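K.L.:
Sharing a structure with you now.
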Amino acid sequence: GNSVTQMEGPVTLSEEAFLTINCTYTATGYPSLFWYVQYPGEGLQLLLKATKADDKGSNKGFEATYRKETTSFHLEKGSVQVSDSAVYFCALRIIQGAQKLVFGQGTRLTINP
Amino acid sequence: AAGVIQSPRHLIKEKRETATLKCYPIPRHDTVYWYQQGPGQDPQFLISFYEKMQSDKGSIPDRFSAQQFSDYHSELNMSSLELGDSALYFCASSLQGANYEQYFGPGTRLTVT
């Protein structure tokens, strides 16, 4: 089946620290990969995406590279800010067939000033 | 830009009651998805519609039903509510096709007492 596994949280960092949140996936078909962010009390916002192997998605200083050989899509940011505190979800969508998203369990990130 | 609208934002019901959640997609989006996010959990796909027809079905209980109307808005009907139905219910909309993103609404928080 299709599944996504994220590193367990919560993750607590100091401002300006380097961030990595690991994400690996299992897919029966060829997936597109996504990172969504959920701020407290809000809905899910698309942070970045990659649709084929070796693509790099980037947005707001965050980056993730689609690695087919390691079935991974790790999220990175060089210098985090307090405003980055949120829950981050890795997700996949199989290109063929239904378009539903399959999410990982989420990683809660807290940035301290 | 117009976003996905969900109503109500908060709903409190008692066990065995019924609830109706509404979703208004972004204009011109023809596909609607429903997800359920339990406390501290990742969003789980429930059901989706394309051009008013059910396009995919996930882990939706038989007590739930949904439909998409001619104006593309969708309603999720939940009957015989149980305590375990307490969750955040998200609606997302998109254009049909693998290259189109899903845009999420703010969610409806359902509390069953």
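K.L.:
Stick to Cα atoms and the Kirkwood definition of Rh, then tell me Rg/Rh for region B:19-112. Each step should come with its number before you reach the end.
P.N.:
Working: Rg = 12.6 Å, Rh = 13.3 Å.
On the Cα set of region B:19-112, Rg over Rh gives 0.95.
K.L.:
Related question: P(r) for the protein assembly as shown, please, calculated from all Cα pair distances in 10 Å bins and given in %.
P.N.:
8, 33, 35, 20, 4, 0
K.L.:
Taking K and R as +1 and D and E as -1, what net charge do the other residues with C-beta under 12 Å from the C-beta of A:E15 add up to? Please list the in-between numbers first.
P.N.:
Numbers: positive: A:K77; negative: A:E16, A:D84.
Charge balance near A:E15 sits at -1.
K.L.:
Same structure, new question: Taking the C-alpha atoms of region A:7-104, how large are the radius of gyration and the largest Cα-Cα span, Dmax, in Å?
P.N.:
13.3, 42
K.L.:
While we're on this one: Quick one, can you get me the convex hull of the C-alpha atoms of region A:73-113 expressed as volume per residue in Å³?
P.N.:
Working: hull volume 3.2 nm³, N = 41.
Spelled out: Cα convex hull of region A:73-113, divided by residues, is 79 Å³.
K.L.:
Would you mind ranking A:T12, A:T51 so that the residue whose beta carbon has the fewest other beta carbons within 10 Å leads the list?
P.N.:
Numbers: A:T12 12, A:T51 16.
The order, fewest Cβ neighbours first, is A:T12, A:T51.
K.L.:
Which percent, to the nearest 5, of DSSP beta bridges fully inside the protein assembly as shown are antiparallel? Don't skip to the answer; put the middle values down first.
P.N.:
Values: 70 of 78 bridges.
Percentage antiparallel, nearest 5: 90.
K.L.:
Using only alpha carbon pairs under 8 Å that are at least six residues apart, calculate the relative contact order of region A:1-62 and give it in whole percent.
P.N.:
About 25 percent, as a whole number.
K.L.:
Ranked by Cβ crowding within 10 angstrom, fewest neighbours first, how are B:S74, A:S79 ordered? All intermediate terms of the calculation are to be shown ahead of the outcome.
P.N.:
Details: B:S74 25, A:S79 11.
Arranged by neighbour count, lowest to highest, B:S74, A:S79 become A:S79, B:S74.
K.L.:
Sticking with this one: Can you find, among B:S80, B:L11, B:P61, the residue farthest towards the positive end of the dipole of region B:1-95? Put +1 on the C-beta of Lys and Arg, -1 on that of Asp and Glu.
P.N.:
The residue sitting most towards the positive pole is B:L11.
K.L.:
A further question on this structure: Which FRET efficiency, nearest 0.05, do A:S83 and B:S80 yield, Cβ-Cβ r, R0 41 Å? Display every interim value, and only then the final one.
P.N.:
Values: r = 42 Å, r/R0 = 1.03.
Efficiency, from the Cβ-Cβ distance: 0.45.
K.L.:
For chain B, what's the relative contact order in percent, using C-alpha pairs closer than 8 Å and at least 6 residues apart?
P.N.:
Details: 287 pairs, mean separation 41.4, N = 113.
Computed value for chain B: 37 percent relative contact order.
K.L.:
Using the count of nearby Cβ atoms within 10 Å as a rough guide to exposure, how do A:C23, A:C90 rank from fewest to most? Numbers along the way, then the final one.
P.N.:
Numbers: A:C23 24, A:C90 30.
Neighbour counts put them in this order, fewest first: A:C23, A:C90.
K.L.:
Cut-off under 25 Å on the C-alpha distance; same-chain residues fewer than 8 positions from A:K68 excluded. Which lysines are left, in chain and number order?
P.N.:
Correct list for A:K68: A:K49, A:K52, A:K56, A:K60, A:K77, A:K100.
Only the coordinates and a few stated rules stand behind these numbers; no lab work does. It should be emphasised that the depicted structure is a prediction, and the values quoted were computed from it without experimental measurement. Glycine also receives a Cβ, built like all others from the backbone with ideal geometry; neighbour counts cover every protein chain displayed.
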